[in-house]
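Peer 1: There's a structure below that I have some questions on.
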Amino acid sequence: MARNGKSIFIALLEFIPALVILGILWLFPYRWGVQFGKVLGRIGFKYAASARNDAIAGLTASFPDWSPERVRETALRSFEHMGMYFLEVVLFPKLSNRYILKRLIRPVNHEIVEKLLAEGKGIVALSIHMGNPEFPGAYIGISGNPVHAVSRRMDNPFFQTVTASARAKKGINVIPRDNALRKIFEALKENHPVAFLVDQNWAAGGVFVPFFGRLAATAKGPIQFAMKTGAKVLITYDVRNSDDVTHTAYFVREMVLEHKENDEETIRYNTAKYTKMYEDIIRQHPEQWLWAHGRWSTRPREEECRS
């Protein structure tokens, strides 16, 4: 049985049509495939009512001075960006490393990666679902430093295998989140960067920190790993350029941990610190962030008790 009780037969029924479509897309230029992803995003906005409503609700609460028209337009563009991101993931392996380094991704401050690795403690590389969140890590990997990316295991095992293989070809080793602890410690001990997406709702065991004026459940793990291993925390993000195809990958700076009176407060303070940094970044490019995620769906217990 596949994950969540899904039979192998059903998983194959889902996978085979997708594989056929992918094979067709591989026949066309990469740019066309990315534009097809934009169309898929528009279709998703029209028919995925629950995700569309989450995006509109999140934008309305985060930008209360915006008109409904601006909120809806930004939500639509967010769906377009996520559609392009999805197609980039599956089409990325067809590109040569030279093309990626010289034409597709323009790095900003990439030299900080070598500087932090020179200290020998590994890197906890943070990123968010904006632009293409995998491109900063891919640039590091293709440049010669193996990267490990912590990711939720897909429900369909065939999709999981294909995407993991595609990422591995570009220097990214996927660590499934449900079996990650030992592998993360090993990677950091070997002085490798480990990439974490830190803008997802964390339903259990997270810490609540402010995000766009509301408390958001956020994973403790990245800061905990940095505290336990001495790994350097690196702020990264990606922005899609105006041509829709090329990207700028930002390796912003090291975020030095600030230690408080106890571990719990240290985790909370530093998690809030990088979350505020990413909020400021998202405010510059709100149309490129994943608003459909339901970032604020988990609420603090005291709020649930009041309701």
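Each reported figure results from applying straightforward, stated rules to the coordinates on display, with no laboratory input. Since this is a predicted model, take the numbers as computed values, not measurements. All Cβ positions, glycine included, derive from the backbone under ideal geometry; neighbour counts span all protein chains shown.
Peer 1: Say each of residue 201 and residue 28 gets a label point 7 Å from the Cα, pointing the same way as Cα to Cβ; how far apart are those two points in nm?
Peer 2: Output for this residue pair reads 3.4 nm.
Peer 1: Where does each of 70-78, 29-37 land if you order them by average Cβ count within 10 Å, highest first?
Peer 2: 70-78, 29-37
Peer 1: So, one more: Using per-residue counts of other Cβ atoms within 10 Å, averaged over each peptide, order 18-26, 269-277, 233-241 from highest down. Before the final figure, lay out the partial values.
Peer 2: Values: 18-26: 13.1, 269-277: 18.6, 233-241: 22.4.
Per-residue Cβ counts within 10 Å, averaged per peptide and sorted highest first, yield 233-241, 269-277, 18-26.
Peer 1: So, one more: In what sequence do 86, 208, 45, 135 fall when counting other Cβ within 10 Å, fewest first?
Peer 2: So the residues, fewest neighbours to most, are 86, 208, 45, 135.
Peer 1: Using only alpha carbon pairs under 8 Å that are at least six residues apart, calculate the relative contact order of the chain and give it in whole percent.
Peer 2: 24 percent
Peer 1: Now for a different question. Is it possible to state the helix-based mean residue ellipticity at 222 nm for the chain, with each DSSP H run of 4+ residues giving -39500 (n - 2.57), the sum divided by total residues, to the nearest 500 deg cm²/dmol? What is it? Before the final figure, lay out the partial values.
Peer 2: Working: 11 runs with 147 residues, N = 307.
Rounded to the nearest 500, the figure is -15500 deg cm²/dmol.
Peer 1: Still on this structure, please answer the following. Checking the a/c ratio against 1.5 first, then a/b against b/c, what shape does the Cα gyration tensor give for the chain? Intermediate values should be presented prior to the final figure.
Peer 2: Working: a/c = 1.37, a/b = 1.10, b/c = 1.25.
It is rounded, given that a/c, with a ≥ b ≥ c, falls under 1.5.
Peer 1: Something else now. Order of 66, 289 from fewest to most other C-beta atoms within 10 Å?
Peer 2: Working: 66 15, 289 28.
In order of increasing Cβ crowding within 10 Å: 66, 289.
Peer 1: In addition: Sum up the charges of everything whose Cβ sits under 11 Å from the Cβ of residue 115, counting Lys and Arg as +1 and Asp and Glu as -1, but leave residue 115 out.
Peer 2: Net charge around residue 115: -2.
Peer 1: Would you list which lysines come within 23 Å of residue 46, measuring only between C-alpha atoms, while excluding same-chain residues fewer than 8 positions from it?
Peer 2: Excluding near neighbours in sequence, the set is 38.
Peer 1: Would you kindly state how much longer the chain becomes between residue 18 and residue 73 on full extension, computed as 0.36 nm times their sequence separation minus their alpha carbon distance, in nm to one decimal? Intermediate values should be presented prior to the final figure.
Peer 2: Values: separation 55, 0.36 × 55 = 19.80 nm, distance 2.88 nm.
So the extension gain works out to 16.9 nm.
Peer 1: OK, next. Rank by packing, highest mean first: peptides 97-104, 169-176, 110-117, with packing defined as the count of other Cβ atoms within 10 Å averaged across residues. Don't skip to the end; give the middle numbers.
Peer 2: On the way: 97-104: 14.0, 169-176: 18.1, 110-117: 16.1.
The peptides rank, most packed first, as 169-176, 110-117, 97-104.
Peer 1: Using a Förster distance of 45 angstrom, determine the FRET efficiency expected from the C-beta separation of residue 106 and residue 299, and round it to 0.05. Spell out each step's value before the answer.
Peer 2: Working: r = 40 Å, r/R0 = 0.88.
For residue 106 and residue 299, the calculated efficiency is 0.70.
Peer 1: Could you tell me which helices of the chain pass both thresholds, a Cα extent of 24 Å or more along their own axis and a mean Kyte-Doolittle hydropathy of at least -0.5, with helices taken as whole DSSP H runs? Before the final figure, lay out each step's value.
Peer 2: Values: long enough: 8-25 (25 Å, 2.74); 30-47 (26 Å, -0.17); 68-91 (35 Å, -0.01); 263-284 (32 Å, -1.37).
Qualifying helices, which must be both long enough and hydrophobic enough, are 8-25, 30-47, 68-91.
Peer 1: Follow-up. Treat the count of other C-beta atoms within 10 Å as a stand-in for reagent exposure and order 244, 199, 280, 54 from fewest to most.
Peer 2: Details: 244 15, 199 24, 280 9, 54 20.
Ordered by Cβ neighbours within 10 Å, fewest first: 280, 244, 54, 199.
Peer 1: Further, regarding this structure: If you filter segment 240-284 for GluC sites (Glu not before Pro), then keep DSSP loop positions with at most 12 other Cβ within 10 Å, what is left?
Peer 2: Numbers: sites: 254, 258, 261, 264, 265, 279; in loops: 258, 261.
Taking segment 240-284 and a limit of 12 other Cβ atoms within 10 Å, the loop GluC sites (Glu not before Pro) found are 258, 261.
Peer 1: To continue, here is another question. Counting DSSP beta bridges in segment 3-306, what percent are antiparallel, to the nearest 5? Walk me through the numbers before you get to the answer.
Peer 2: Working: 13 of 33 bridges.
Antiparallel: roughly 40 percent of the beta bridges in segment 3-306.
Peer 1: Please work out whether segment 58-151 counts as rounded, prolate or oblate from its C-alpha gyration tensor, where a ≥ b ≥ c are the square roots of the eigenvalues and a/c under 1.5 means rounded, while otherwise a/b larger than b/c means prolate and anything else oblate?
Peer 2: Working: a/c = 2.76, a/b = 1.73, b/c = 1.60.
Note, shape of segment 58-151 comes out prolate.
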